[in-house]
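Here's the structure, in structure tokens; my notes come after.
Just so it is clear, none of the values below were taken in a lab; they were calculated from the coordinates. Just so you know, these numbers come straight off a predicted model, no measurement behind them. All Cβ positions, even for glycine, are placed from backbone atoms using ideal geometry, and neighbour counts span all protein chains on display.
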């Protein structure tokens, strides 16, 4: 079994660069991307991430069923980077195929992901945004998202062997 590492922080805090650095010495890394490109701005963001990664890393686009992507990647890779849990939670929240009990659905998916990461014969690095430090959102969907993201971060951090918080590009080891 590999090691599970959780990396969190605010937007543009340096999370992705830090997480990529944890696996930089490996050639056999699977980068599981949860982003869905819906506009030009997101396309530019994704392209910046792609350019930064070593050419030997394999990209797996998986906006949902990230646990299955982890299982598949662990068959051939010694390192797995999931970027990011925040978009994964968003994708699950907005998933029209499961409209009842969204919090329960998202909780089960995160628990399933944690089990897959723990069972993987690879080191798994999970990146997520810390979203609960701001104001209380003014609508129900945003509050549900903030709550589910916070619960997801707590669940992953509890399972992880290591946890890091990035602030202004500086890592703070939490666990």
Relative to the chain, whose Cα atoms define the longest principal axis, helix 102-119 and its Cα axis are tilted in degrees, nearest 10, by 20 degrees
For the chain, the longest principal axis of the Cα atoms and the Cα long axis of helix 40-52 enclose an angle in degrees, to the nearest 10, of 30 degrees
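At 222 nm, what value in deg cm²/dmol follows for the chain if DSSP H runs of at least 4 each add -39500 (n - 2.57) and the sum is divided by all its residues, to the nearest 500? It would help to have the intermediate numbers written out before the result.
Values: 6 runs with 77 residues, N = 175.
Calculated at 222 nm, the ellipticity per residue is -14000 deg cm²/dmol.
So if each residue of separation counts as 0.36 nm, and I subtract the Cα-Cα distance between residue 136 and residue 61, what length gain in nm does that give? Mind showing how you got there, number by number?
Numbers: separation 75, 0.36 × 75 = 27.00 nm, distance 3.17 nm.
My answer for the length gained is 23.8 nm.
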Would you mind checking the tilt of helix 140-159 against the longest principal axis of the Cα atoms of the chain, expressed as 0 to 90 degrees and rounded to 10?
40 degrees
At 0.36 nm per residue, minus the direct Cα-Cα distance, what do residue 175 and residue 40 gain on full extension? Give it in nm, one decimal, please.
44.9 nm
Let's test the formula: R0 of 30 Å, r as the Cβ-Cβ distance of residue 94 and residue 25. What FRET efficiency results, to the nearest 0.05?
0.25
Antiparallel bridge percentage (DSSP; both residues within the chain; nearest 5):
15 percent
What share of all Cα pairs of the chain, in percent, falls into each consecutive 5 Å distance bin?
1, 9, 18, 22, 22, 17, 8, 3, 1
